[in-house]
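Beneath this line is the structure, given in structure tokens, with notes to follow.
The values are calculated or read from the model by the stated rules, or taken from the named source; none is laboratory data. For clarity, every value in this text was computed on a predicted model and none was experimentally measured. Positions of Cβ are generated from backbone atoms using ideal geometry, with glycine treated the same way; all protein chains shown enter the neighbour counts. Remember, those area values only see protein heavy atoms, side chains included, never the ligands or the DNA or RNA. Shrake-Rupley method; radii C 1.70, N 1.55, O 1.52, S 1.80 Å.
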Amino acid sequence: MATVYQRCKSDKRSVNYPCTKTRCGHDWTVRYRPGGRTGGQREQSFEKKSLAEAFATKVENDKNEGTYLDLKRGEITVRAYAEDWLSRQVIGESTHSNYESFIRLYLVPQLGTKTIAGVRRKNVEAFVASVRKELAASTICDRMKMVSNIFRTAVKEKRRPDDPTEGVKFPRPGTKEVDEDEIPTLDEVELIAKQISPRYKLTVYLQAAAGLRISEALAFATDCRRGDFIRIRRQVSAKANREDSGHASSRSSTAPRGSTGTSLCPPSSARRSIPTCKSGEPCASGPWWCSSRRESGGKGTMPTATTYAYHFRKALKEAGLTAADGKPKYTPHCLRHFFASTALANGIPIHEVSHWLGHRSIKTTVDVYGHLVPGAWSRCREIMQGALRPGCPQSPSDQRD
């Protein structure tokens, strides 16, 4: 139970002890334990007895209902709490890297010195307005989800009463639809594979013909083949070139492909790029890059997405696939766009394309590639025409619409 008393009448260490006046005007102190008998003892002073008793009653009620907010726990800085929060998250390596850099480069410089309980909504709004000048809207929306999770966790841990990010407006990201100019043609894909370093020829085909992500294609090993399918088991580490090659990849964390581990096997043009042993047969196991040590200068290290992107840009420039400003016309991710658009153009249902791409939700596939489904507008028009006006031919004005 919280105790209400006056130091001047009971504490010999008080400068006003002993006080014999009934209404002396000295402060009233509340002594309480936020965590019950096992918790540390706290004290707080008030000018009036009524205020002290009201505080003591509220503390006990909040403790009984499990809603007590420990102000001391909220005195930790945003920097310390965010770093601690990130260390407790079970997330992928790339996600962890993105979150860590955002906290270090943006959150800490602007809000890091404030206490987790001292951040207000106006501080968050000013923070969003500041980062908007430097980052894309989609990036801000994604990173602010992390910031919201940090404050929601603080609320659950009774470090602050509410989430200051709730209700804050974030910049609206642009459309997710892939631009058709970002999709290479078959001839361009073949040209890229021809111009790129032989070490990465297979990677080009794995992306374009099997729809693999860069991290999956670079971690591909010959033991991933299962007849006409590929079992996706690993993703290349962002720090692969700094570590022992035997520990440079991690288990795939994507879903649904991360759970089912299945993707299409590349066609014959890509299979010819898979390293072979002296007998001419595909290597039984081991990453494809193991047989390319001579081409990599004898290092034998697993290439990263950054290294692959450099060779990809170089191949595009040598092939003349550049924009008006001289920059490469495509990125490695455009090869996945080629896979998806080719599949959809040839009648593969979009839910199957979503599976092969390894998207977590078909909504992602629809948002990015839905407009590429052939005949979608005309089919919808014909269906609605028959449903609303069956047997009635379209007027010339309808046909022009």
For this session: With the checklist (1) touching a residue at least 12 places away in the same chain (Cβ under 8 Å); (2) over 30 Å from I116 (Cα atoms); (3) open to solvent by 60 Å² or more (accessible area, probe 1.4 Å) in hand, flag the one item I192 doesn't pass.
Result: (3)
Seminar exercise, completed: Here the residues within the range 71-111 that are assigned to a loop (DSSP other than H, G, I, E, B) and either more than 21 Å from E166 (Cβ to Cβ) or open to solvent by 70 Å² or more (accessible area, probe 1.4 Å) (or both) are R88, V90, I91, G92
Exercise. With respect to the numbered conditions (1) within 30 Å of Y205 (Cα to Cα); (2) free of Cβ contacts under 8 Å to residues at least 12 places away in the same chain, which one is the sole condition not fulfilled by V90?
Worked result: (1)
Problem set entry | Qualifying residue in the range 155-168 (condition: at pLDDT below 90, in a helix (DSSP H, G or I) and out of contact with any Pro (no Cβ under 9 Å at 6 or more places or on another chain)) | yes
Problem set entry | Inter-residue pairs, beta-carbon under 9 Å, first under 26 Å from N16 (Cα atoms) and among the acidic types (D, E) and in the range 29-47, second at pLDDT 75 or above and part of a loop (DSSP other than H, G, I, E, B), 6+ apart | E47/G25; E47/D27
Seminar exercise, completed: Counting only residues that are farther than 21 Å from E216 by Cβ and outside any helix (DSSP H, G or I), the range 325-373 contains a total of 9
For this session: Hey, can you tell me all the residues within the range 324-336 that are closer than 27 Å to T365 by Cβ and either open to solvent by 20 Å² or more (accessible area, probe 1.4 Å) or β-branched (V, I, T) (or both)?
Result: P328, K329, T331, H333
Problem set entry | K114 exposed (fewer than 15 other Cβ atoms within 10 Å of the Cβ) and at pLDDT below 80 | no
Exercise. Filter the range 128-152 for residues that are farther than 17 Å from E100 by Cα and in a helix (DSSP H, G or I); which is least open to solvent (accessible area, probe 1.4 Å)?
Worked result: V128
Exercise. Is there a residue in the range 167-177 that is in contact (Cβ under 8 Å) with a residue 60 or more places away in the chain and surrounded by 16 or more Cβ atoms within 10 Å (Cβ to Cβ)?
Worked result: no
Seminar exercise, completed: Log entry, pairs with first residue in the range 199-223 being of a type in the set (D, E), second being open to solvent by 20 Å² or more (accessible area, probe 1.4 Å) and outside any helix (DSSP H, G or I), beta carbons closer than 7 Å, six or more apart or on different chains, reads E216/Q235; D223/A284; D223/S285
Problem set entry | In the range 178-187, the residues that are open to solvent by less than 100 Å² (accessible area, probe 1.4 Å) and of a type in the set (D, E, K, R) | D179, E182
